[in-house]
Amino acid sequence: MGFVIPSSKHRRYLSGADWIINALDCMLKTVTCAGNMSQIVFMLDGEIDEPLLRSRLESFIRKFPVVEGRVSRDLNLTPLWKIPGKAVVGVNLDVHRVQAFSSLNDVFSFLENGVNRLFKDENEHLSFHLVQGGGRACFAMTFDHRLLDARGAESFLHLFRQFLTEGDESRIEEGVCLTAPACLSDWGRKFIAGRNLNRKIISLSKPTPDALPVPSGNDRAFRYKVVSFGADETAKIYDNADNSAGFMMEMPYLLAVTVQAVRGLFQRKGMAAPNYVVPVSLDMRGSGDIRQELFFNHVSYLFFKVLAEETVDLKSTINTIKQQMYDQVKSGMPADVAEACLLTRIAPLSLMKKIFRIPFKGRIASFCFSYLGKGPSMASGFMGAEITNIFHMPRVPVPPGLGFFFNYFNGRLTMVVSYIEGLIEDEDIQMLEERMRESL
């Protein structure tokens, strides 16, 4: 029983996944210096024209008023994204020049500052950063996860690159779907999905998974370590994944290697974790044009629990992760998560924060993990320069305040370690990188 309320040009009803992301945004704003934000970074082999970039960005953004929307509630209490009639706010573009640009370290303070800076108000959800000098450049977009997920952010910048070629008169916004109905129907199916998810959470929470203690202080920033693998290294990693985990099993392989490395980190910290619980995001889009689902969140989750005795060797860890993946996909867990999350939309964000902390005694997970995989190929040109690499810098829910994120671009695999400052030290990061490189 129920009914469907259609959306309109100026309102887009939020999905359950959207509301979960809003809750995480609220949590992060409470315990860190900013919200649930992320950053996508283009590394370029040449400098670009800053005034032209600013002008082109402003023209492009004006075609998408949704980027200046904000969360509201309908009379029926369903949360929605209120979309203005037109975009009026100027583009937030920070430009920095550096003397040297020999490595990523030369620009990293600017990148970290960009992703740790709170948006100026509830209508700002994007900011851009350009760092260049010495014949090289770095272009980054910081985005609000309430507006874009990781795949959506990549596709949004791909559209911008297309717009650079086609110009102001193009109809680049055509085909981008913003509408989504409230879907206040099929309550029986949603409650069954909620029951299934609740059972899964209970099984994950016993015994309580271990996580690194989060440092005190409410204004802490996130720090990052970017580990890039060359083309030859990447090819060997994918060969190892095929041999160790099976064809197209890169995600279980990379997750297993990460679990092994985190086990070493916990041992270094004097912690003997009984098990590790890891949520892994799963893109729920179909194979069609991503313009239909460009904005907002189109993800669900798989949940993995690896017991301490299953981390003794890599093969055992891989087999555990693969079996759990098969079981969850077969049982329809990702769909259950998506359906069950729709039930949460009635809850205010203050209550959602408390709900998150109940099952795991405040420990949401041991760490977070994501693998974007080999997406559709992207041309590598950007305003006269070539894109040499792309990677993501997300802020991770706290707790656990620790995440590992893999993406693939142009024959190269990149891993980003995201952690709240004070959680781990430089020596810990060095140990993690050494273990990951050795295992991969």
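Table for the structure above
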| read-out | value |
| --- | --- |
| Subset of the stretch 83-98 (residues that are touching a helix residue (DSSP H, G or I) at 6+ places or on another chain (Cβ under 9 Å), surrounded by 11 or more Cβ atoms within 10 Å (Cβ to Cβ) and of a type in the set (D, E, K, R)) | 94 |
| The stretch 156-173, residues that are part of a helix (DSSP H, G or I) and over 19 Å from residue 384 (Cβ atoms) | 156 |
| Residue check for residue 111: in contact (Cβ under 8 Å) with a residue 60 or more places away in the chain and farther than 30 Å from residue 175 by Cβ | yes |
| Residues located in the stretch 262-288, provided they are surrounded by fewer than 22 Cβ atoms within 10 Å (Cβ to Cβ), assigned to a helix (DSSP H, G or I) and either of a type in the set (A, V, I, L, M, F, W, C) or touching a strand residue (DSSP E or B) at 6+ places or on another chain (Cβ under 7 Å) (or both) | 265, 266 |
| Test: residue in the stretch 37-46 that is modelled with pLDDT of 90 or more and in contact with a Leu (Cβ under 6 Å, 6 or more places away or on another chain) | no |
| Out of 213, 181, 209, sole residue that is part of a loop (DSSP other than H, G, I, E, B), at pLDDT below 75 and farther than 30 Å from residue 383 by Cα | 181 |
| Qualifying residue in the stretch 99-108 (condition: closer than 27 Å to residue 296 by Cβ, buried (at least 17 other Cβ atoms within 10 Å of the Cβ) and not polar (S, T, N, Q)) | no |
| Residue list for the stretch 243-272, restricted to those being hydroxyl-bearing (Ser, Thr, Tyr) and more than 21 Å from the chain's Cα centre (by Cα) | 244 |
| Selected residue [of a type in the set (A, V, I, L, M), crowded, with 18+ Cβ neighbours inside 10 Å and assigned to a strand (DSSP E or B)] from 80, 53 | 80 |
| Filtered residues of the stretch 64-77 (kept if farther than 14 Å from residue 126 by Cα and either in contact with a His (Cβ under 7 Å, 6 or more places away or on another chain) or surrounded by 16 or more Cβ atoms within 10 Å (Cβ to Cβ) (or both)) | 71 |
| Residue that is surrounded by the fewest Cβ atoms within 10 Å (Cβ to Cβ), among those in the stretch 125-151 that are of a type in the set (Gly, Ala, Ser) and farther than 16 Å from residue 405 by Cα | 135 |
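Residues are listed down the side, and each one gets a yes or a no for (1) modelled with pLDDT under 90; (2) surrounded by 21 or more Cβ atoms within 10 Å (Cβ to Cβ); (3) under 21 Å from residue 254 (Cβ atoms):
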residue: 290; (1), (2), (3): yes, yes, no
residue: 293; (1), (2), (3): yes, yes, no
residue: 296; (1), (2), (3): no, yes, no
residue: 307; (1), (2), (3): yes, no, yes
residue: 314; (1), (2), (3): no, no, yes
residue: 318; (1), (2), (3): no, yes, yes
residue: 326; (1), (2), (3): no, no, yes
residue: 334; (1), (2), (3): yes, no, yes
residue: 341; (1), (2), (3): yes, yes, no
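The values are calculated or read from the model by the stated rules, or taken from the named source; none is laboratory data. Keep in mind it's a predicted model, so treat the numbers as computed, not measured. Quick reminder, even Gly has a Cβ in these numbers, built from the backbone with ideal geometry, and neighbours come from all protein chains shown.
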